[in-house]
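Structure record follows, encoded as structure tokens.
The values are calculated or read from the model by the stated rules, or taken from the named source; none is laboratory data. For clarity, every value in this text was computed on a predicted model and none was experimentally measured. Counting neighbours? That spans all protein chains shown, and the Cβs are built from the backbone with ideal geometry, glycine included. Areas reflect the complete protein model, heavy atoms only, side chains present, ligands, DNA and RNA absent. Shrake-Rupley method; radii C 1.70, N 1.55, O 1.52, S 1.80 Å.
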Amino acid sequence: MIKKKFVLSIILFTAFTGVFAQNGDNKLVRLGIRAGAGLQTIYGEAFNGDKLNNDFRVGYHAGITADLLVTPAFYLQPALIYSVKGAKRSAAGTDVTENISYIELPVNLLLKPGLGNGRLLLGAGPYIAYGINGFQKSESENASAKLNAKFKNTITADDISAADVFNNNYYFLKPFDFGANVLAGYEFNAGFNIQVNGQFGLTNMQPKIEGVTTANKANAKHLGFGISLGYKF
């Protein structure tokens, strides 16, 4: 049911922007494209409460945007973005890289005052994302292993047993991610724009473990910073 609602929201986004795009002469909406790269990590605590010791790794994103006119200086900007997040770490001679792909629906409120030959961009807002693919790869001098991500909100002892993580099968993550965006940049009158982005995950990515009575302090959230280039039609 949740997945169906997420797909429906994507369909409504496409239909909504398509209808308003017909009124482009009145500047009710400007469709655009955006792509970029940045640094991503995962922060939080392990099962026993120890702080996660992750480093930043390169991630990237690309998608479409729609600037909806609120006032001449304010716009509401929904977007549909494909985003790759993750983290990396090294311990005891083993390098671990985590790579997680999402479809994101951010909605930012943009302040766009005129400045020189264009407009300043200042914005913030929430995002919701749905995980579609992921893996965790471990490499050492003598061996390598890869676990594929399986998305579930709650897992059982049977799920953990079936995962068989020691035989390179899979591990678990929650499918939905929710958080906040901030951005600053500049948009030229010709339609090109550049912006720097910050994204702060607010959802614990670790699924609930059914039947666990001992303290479980596992808490993992996304954190990322990047730069984007875009164009408004």
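If you count only protein heavy atoms with a 1.4 Å probe, what accessible area per residue comes out for region 24-99, rounded to a whole Å²? Provide the component values of the computation, followed by the final result.
Numbers: 3940 Å² over 76 residues.
Normalised by residue count, the accessible surface of region 24-99 is 52 Å².
Quote the Stokes-Einstein diffusion coefficient, in whole µm² s⁻¹, for region 47-86, based on the Kirkwood radius over alpha carbon pairs, a temperature of 37 °C and a viscosity of 0.692 mPa s.
Calculated translational D: 239 µm²/s.
Using all Cα-Cα distances in region 83-225, what percent lands in each 10 angstrom bin from 0 up to the longest?
For region 83-225, the binned pair fractions read 10, 30, 29, 17, 10, 4, 0 percent.
Work out, step by step, the length gained on full extension between ASN133 and THR156: first 0.36 nm times the residue separation, then minus their alpha carbon distance; give nm to one decimal. Display every interim value, and only then the final one.
Numbers: separation 23, 0.36 × 23 = 8.28 nm, distance 2.11 nm.
Additional length available on full extension: 6.2 nm.
Starting from the amide H of LEU52, placed 1.01 Å from N in the peptide plane, find each other amide H under 5 Å away whose residue is 5 or more places distant or on another chain.
Counting only residues 5 or more places away or on other chains, the set is GLY44, GLU45, ALA46.
Relative to the compact globular guide of 2.2 N^0.38 Å, what is the alpha carbon radius of gyration of region 64-140, as a ratio?
Details: Rg = 18.4 Å, N = 77, 2.2 N^0.38 = 11.5 Å.
My calculation over the Cα atoms of region 64-140 gives 1.61.
Sequence gap at least 6, Cα distance under 8 Å: using those rules, report the relative contact order of region 64-216 to the nearest whole percent. Write down the numbers at each step before the final one.
Values: 351 pairs, mean separation 29.1, N = 153.
Relative contact order here is 19 percent.
Let me check I've understood the local charge: for ALA143, count other residues with C-beta under 15 angstrom from its C-beta, Lys and Arg +1, Asp and Glu -1. What total comes out? Before the final figure, lay out the partial values.
On the way: positive: LYS137, LYS146; negative: ASP95, GLU139, GLU141.
Result for the neighbourhood of ALA143: -1.
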